[in-house]
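Right, one structure below, let's go through it.
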Amino acid sequence: HRLAASPDRELSLIYCTSRAGLEDRVWRVRSGLSAAAEPLPRTAHAVTNPVVTHGSTPDELQVASSWTCHVYRLKTRTTHAFFGRYEHRLRQEAGQWRIAAKTVVLANDLVPTLIDFYCL
């Protein structure tokens, strides 16, 4: 019932300290150099119940929502559903809202197979 407080010391399925780490993973998947992601699974995502929890400034908001991702793996012909909560920190820049930070809380964390950014 308690979330990990430090991804460096406790379990974290996916943790990127910077955008560069995520960009590198996306590049490997798109390039075909990631054997674990070949072929890419088919996914369907739903984000529901967004709620603005608070804003520290007029140009920044905290938003919580629920999410579900259904995954079909072509290699194994298996399906799985992942679900949980998102916590986004949004920042307004040049008149547009941008994601400044995102936390994904996986509710069904007994993962029977590989989980990657396209499942979250």
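The values are calculated or read from the model by the stated rules, or taken from the named source; none is laboratory data. This structure is a prediction, so every number in the text was calculated from the model and none was measured. Cβ placement follows ideal geometry from the backbone for every residue including glycine, while neighbour counts extend to all protein chains displayed. We work out accessible area using only protein heavy atoms, side chains counted, and drop any ligands, DNA or RNA first. Shrake-Rupley method; radii C 1.70, N 1.55, O 1.52, S 1.80 Å.
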Does the range 35-43 include one or more residues that are modelled with pLDDT of 70 or more, open to solvent by less than 80 Å² (accessible area, probe 1.4 Å) and within 16 Å of the chain's Cα centre (by Cα)? yes
Just give me the residues in the range 60-75 being outside any strand (DSSP E or B) and touching a Leu at 6+ places or on another chain (Cβ under 9 Å), in sequence order. Leu74
Go through the range 44-75 and report how many residues are under 12 Å from Leu90 (Cα atoms) and open to solvent by 40 Å² or more (accessible area, probe 1.4 Å). 10
Which numbered condition Glu23 misses (of (1) open to solvent by 60 Å² or more (accessible area, probe 1.4 Å); (2) at pLDDT 90 or above; (3) more than 18 Å from Val105 (Cβ to Cβ)): (2)
